[in-house]
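The structure under discussion appears below in the form of structure tokens.
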Amino acid sequence: MLEHGAAPPSSEPPTAPDPVPSPGFVGRLARRKPVELLVAESGRGEGGAALRRTLTMWQLTTISIGATLGTGIFVVLGEATPLAGPAVAVSFVLAGLTALFSALSYAELAGSIPVSGSSYSYAYATMGELVAWICGWCLVLEYGISVAAVAVGWGEYLDELLHGTFGVTLPGAVSAPLGEGGYVNLPALAVIVLAMVFLMGGAKESARINTAMVAIKIMTLLLFCGIGFFGIQAGNYAPLAPLGAGGVSAAAATLFFSYIGFDAASTAGEEARNPQRDLPRAIMLSLLIVTVLYCVVALVAVGAMPWRDFAGTDAALARIMEDVTGLGLWSVVLAAGAVVAIASVVFAVLYGQTRILFAMSRDGLVPPVFAKVNERTGTPRANTVLVAAFCGLLAATVPLGELANATSIGTLFAFALVNVAVVLLRYTRPGMNRTFRVRFFPLTPLLGFGFCLWMMASLPAVTWAVFSAWMAAGLALYFLYGVRHSRLAVAVAVAGRD
């Protein structure tokens, strides 16, 4: 389905397309930002300082792995295996294929428009400012709110690790927010602050830390596979799909959300050394690595423990290791691996959120403070502090509930728009240089769009209600601030006067 290599030289003239929209208010909302302008602004921050191109292809890959490979594999088997039975590995493959369609679209656009805004920038170039804002607002939901939700999960695993290692349990008053038996969730706040400090040191230094954490969590999962292999019993694989194809597909829908995060590399477009070559490779390679790990872990897990025993357990991997070895030590090892795994998710996702807001701020749609770059470190420090403060406040004090669940629908909405953007850009800019092209066009992006809609339709009504409220707040913010401060609007006005 993939076609690598540089496309033939563009047959289009080198001049940027005219950004002037059709007259009227609706035309202003539909104004598109030329791809050439997006690329020309790449790296520039408020005040003249610029982001630094230091990230290699492998570091970009670990950013996506870091944002994807986290809580899902450590807890999701307890939810998915009772639906699919031993065929849960097939469900992982189906979920991975669903993610693949959108990943292909991300790869093409990341190679064509190598900027920090990810799907926000792609939408700006193809569907106009209002749709771009909506996409960016969805990304704030995906990245910003999920950081808080993941940080809460990190605190729970830290508590389990401390209890298993030292017999210490964190007091509920300082490990849970109001409404859940406590006053403030300090562990959740602590991991966000730690990620913030690392991110402020520079993209290159941050990437090294993230790579180390990703290596640790991959080794933890490989350790599980090595130990769990000795507990495999062939009889546990039969019957393969006790609940039929419906159970396998239902499990796949549940497991899809374990793949959210593969797009994180696309937020690093302005800090990659060779973005047009490396971004598509990093996106596809990260998805491949994550899918293989998920499938291998699932095969070992269901082979080592009867599928019915997975129901109601959030620590299936630790239980399997204990059963195989007879030692409680392994639950501590798995908890330690989970602590590192979830910390790397917080780290990578927080990074992605700051770069998306950086792009939106440079366009004038959010305040300019988010686009200020520190000259010494080459990072948007003020942006990082503000995002960390927002996420930390949520994680420490607010029971997230359905707000956290709504991150899934925000992600799917952004994925759907990316698939649409690929189609539009192919037809409006057919001669554009593309270092990565989706094959079987337009079927592949249309399938990606359809799968996203199918997943969104499967979400409960309360999630849609939360999402609708979030969108209403975002539109209000856009019409009160963004539409008045849009720098593209200023450029258009100046061009009109000239």
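Return the residues of the range 273-285 that are surrounded by fewer than 24 Cβ atoms within 10 Å (Cβ to Cβ) and either charged (D, E, K, R) or assigned to a strand (DSSP E or B) (or both); say none if nothing qualifies.
The answer is R273, R277, R281.
Which residue is modelled with the lowest pLDDT, if the candidates are limited to the range 377-395 and must be touching a strand residue (DSSP E or B) at 6+ places or on another chain (Cβ under 8 Å) and not aliphatic (A, V, I, L, M)?
G378
Given L255, L288, which one is among the hydrophobic types (A, V, I, L, M, F, W, C) and either buried (at least 16 other Cβ atoms within 10 Å of the Cβ) or more than 25 Å from V418 (Cα to Cα) (or both)?
The unique qualifying residue is L255.
Just for the range 129-183: of the residues that are under 20 Å from V398 (Cα atoms) and among the acidic types (D, E), which one is farthest from the chain's Cα centre (by Cα)?
Restricting to residues being under 20 Å from V398 (Cα atoms) and among the acidic types (D, E), the top hit is E180.
Go through the range 96-122 and give me each residue that's in a loop (DSSP other than H, G, I, E, B) and either under 14 Å from Y259 (Cβ atoms) or not hydrophobic (A, V, I, L, M, F, W, C) (or both).
Within the range 96-122, P114, S116, G117, S118 meet the criteria.
Examine the range 208-218 for a residue that is small (G, A, S), under 21 Å from the mean Cα position of the chain (by Cα) and part of a helix (DSSP H, G or I), and state whether such a residue exists.
Scanning the range 208-218 turns up at least one residue that is small (G, A, S), under 21 Å from the mean Cα position of the chain (by Cα) and part of a helix (DSSP H, G or I).
Report yes if S331 is within 29 Å of A473 (Cβ to Cβ), modelled with pLDDT under 85 and touching a helix residue (DSSP H, G or I) at 6+ places or on another chain (Cβ under 8 Å), otherwise no. Break it down into steps so the answer makes sense when it comes.
On the way: within 29 Å of A473 (Cβ to Cβ): no; modelled with pLDDT under 85: yes; touching a helix residue (DSSP H, G or I) at 6+ places or on another chain (Cβ under 8 Å): yes.
Considered against the rule, which asks whether it is within 29 Å of A473 (Cβ to Cβ), modelled with pLDDT under 85 and touching a helix residue (DSSP H, G or I) at 6+ places or on another chain (Cβ under 8 Å), S331 comes out as no.
This table checks each residue for (1) in contact with a Lys or Arg (Cβ under 8 Å, 6 or more places away or on another chain); (2) without any contact (Cβ under 8 Å) to a residue 24 or more places away in the chain; (3) more than 30 Å from R308 (Cα to Cα); (4) not hydrophobic (A, V, I, L, M, F, W, C).
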| position | (1), (2), (3), (4) |
| --- | --- |
| A49 | yes, no, yes, no |
| R53 | yes, no, yes, yes |
| W58 | no, no, yes, no |
| T62 | no, no, yes, yes |
| I73 | no, no, no, no |
| L77 | no, no, no, no |
| G85 | no, no, no, yes |
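Just to be sure, is A476 loosely packed, with under 12 Cβ neighbours inside 10 Å, over 21 Å from S121 (Cβ atoms), over 19 Å from the mean Cα position of the chain (by Cα) and modelled with pLDDT of 95 or more?
Judged against the criteria, A476 is a match.
Please specify each residue of the range 123-136 satisfying the condition of being crowded, with 24+ Cβ neighbours inside 10 Å and either not aliphatic (A, V, I, L, M) or not in a helix (DSSP H, G or I) (or both).
Across the range 123-136, the qualifying residues are Y124, T126, E129, W133, C135, G136.
Taking the condition farther than 30 Å from L38 by Cα, touching a residue at least 40 places away in the same chain (Cβ under 8 Å), charged (D, E, K, R) and in a helix (DSSP H, G or I), does E180 pass?
Values: farther than 30 Å from L38 by Cα: yes; touching a residue at least 40 places away in the same chain (Cβ under 8 Å): yes; charged (D, E, K, R): yes; in a helix (DSSP H, G or I): no.
Criteria not met by E180.
In the range 434-473, which residues are surrounded by 16 or more Cβ atoms within 10 Å (Cβ to Cβ), among the hydroxyl-bearing types (S, T, Y) and not in a helix (DSSP H, G or I)?
Answer for the range 434-473, where residues must be surrounded by 16 or more Cβ atoms within 10 Å (Cβ to Cβ), among the hydroxyl-bearing types (S, T, Y) and not in a helix (DSSP H, G or I): just T435.
Just the residues that are surrounded by fewer than 17 Cβ atoms within 10 Å (Cβ to Cβ) and not acidic (D, E), please, taken from the range 173-183.
A173, V174, L178, G179, G181, Y183
With the structure loaded, tell me whether A268 is aliphatic (A, V, I, L, M), at pLDDT below 90, over 16 Å from W307 (Cα atoms) and surrounded by 24 or more Cβ atoms within 10 Å (Cβ to Cβ) or whether it fails that test.
Details: aliphatic (A, V, I, L, M): yes; at pLDDT below 90: yes; over 16 Å from W307 (Cα atoms): yes; surrounded by 24 or more Cβ atoms within 10 Å (Cβ to Cβ): yes.
Judged against the criteria, A268 is a match.
How many residues does the range 315-337 contain that are surrounded by 24 or more Cβ atoms within 10 Å (Cβ to Cβ) and either under 18 Å from the mean Cα position of the chain (by Cα) or β-branched (V, I, T) (or both)?
Final tally of qualifying residues: 1.
Which members of the range 43-58 meet the condition of being at pLDDT 75 or above and either touching a Ser or Thr at 6+ places or on another chain (Cβ under 8 Å) or of a type in the set (V, I, T) (or both)?
Within the range 43-58, L51, T54, T56, W58 meet the criteria.
For the range 50-71, what are the residues that are in contact with a Gly (Cβ under 9 Å, 6 or more places away or on another chain), in a helix (DSSP H, G or I) and within 22 Å of L334 (Cβ to Cβ)? Step through it out loud before you land on a result.
We begin by selecting, within the range 50-71, every residue in contact with a Gly (Cβ under 9 Å, 6 or more places away or on another chain); these are 50-54, 63-71.
With in a helix (DSSP H, G or I) added as a condition, the list becomes 63-68, 71.
Scanning the range 50-71 gives I65, G66, A67, T68, T71.
Within the set of pairs 6+ apart or on separate chains, which have a first residue in the range 306-335 that is free of Cβ contacts under 8 Å to residues at least 60 places away in the same chain and closer than 15 Å to N236 by Cβ, a second that is surrounded by 14 or more Cβ atoms within 10 Å (Cβ to Cβ) and of a type in the set (S, T, N, Q), and C-beta atoms under 9 Å apart?
Pairs that qualify, where the first residue is free of Cβ contacts under 8 Å to residues at least 60 places away in the same chain and closer than 15 Å to N236 by Cβ and the partner is surrounded by 14 or more Cβ atoms within 10 Å (Cβ to Cβ) and of a type in the set (S, T, N, Q), are D309/T81; R319/T313; R319/S331.
The values are calculated or read from the model by the stated rules, or taken from the named source; none is laboratory data. Quick caveat: nothing in here was measured; it's all calculated off a predicted structure. Glycine gets a Cβ as well: all are built from the backbone with ideal geometry, and neighbour counts include every protein chain shown.
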